[in-house]
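Heads up: the structure comes next, in structure tokens.
Only the coordinates and a few stated rules stand behind these numbers; no lab work does. What you see is a predicted model, and the numbers here were worked out from it, not measured in a lab. Note: ideal-geometry Cβ built from the backbone for every residue, glycine included; neighbour counts use all protein chains shown.
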Amino acid sequence: MTPRLILIGPPGAGKTSIGRSLARSLQLTFADTDTLIEIDQGKTVSQIFIEDGEPLFREVEERICLDAIENEVGVLSLGGGAVLSKKVQDAMRTSGARVVFLDVSLKVAAPRIGFNRDRPLLLNNPRQQWQTLMDARRPVYEALADVIFEVEDRTVNQVAKELLPKVSS
């Protein structure tokens, strides 16, 4: 079985919060790959980056994402960089799940994520780092998406309510 919905997008887009809300509304399960990684590794994503490095994190992330895409049955939120893996991209394309790109601007994302130590890729010059990541990832997000939704300054409930008709068919 595969997820019914896969949410992708940059840090601060609200993938986890919106995913939970959509799952509740659709009466589906919800899973977040960052949480699954933390359970698998017994430490936070930030700790993995700092203690083990990004290459190990990406290796674990790819394994966890592939498993989740194959086995989760509800709404699945992927970490922002998971889409950089060709294997994850291929799995998403062949999964049959609807892929939703939650798009957000730096102006809206900044206060949401606070650019703190829990975002290891955003430690040095966080606003510039976020923009650089987004510029590199946007074409991938767009290519994978069945639905592109601009989150902007809407609340989680507003986004979920507006997304429901687009994803429940």
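Compactness ratio for the chain: Cα radius of gyration over 2.2 N^0.38 Å (N = residue count) comes to 0.96.
Straight-distance candidates among the aspartates and glutamates for linking to Lys86, with alpha-carbon spacing under 14 Å and chain neighbours fewer than 8 residues away dropped: Glu59, Glu61, Glu62.
Taking other C-beta atoms within 10 angstrom as a stand-in for reagent exposure, Val108, Val83 fall in the order Val108, Val83, fewest first.
Annotation: amide H-H contacts under 5 Å for Val99 (H modelled 1.01 Å from N, sequence separation of 5 or more, or interchain): Ile6, Asp146, Val147.
If you add up the charges near Pro55, with Lys and Arg at +1 and Asp and Glu at -1, over every other residue whose beta carbon is less than 14 angstrom from its beta carbon, what do you get? Net local charge, Pro55 excluded: -4. In this structure, the amide hydrogen of Phe30, modeled 1.01 Å from its nitrogen in the peptide plane, lies closer than 5 angstrom to those of Val75, counting only residues at least 5 positions away or on a different chain.
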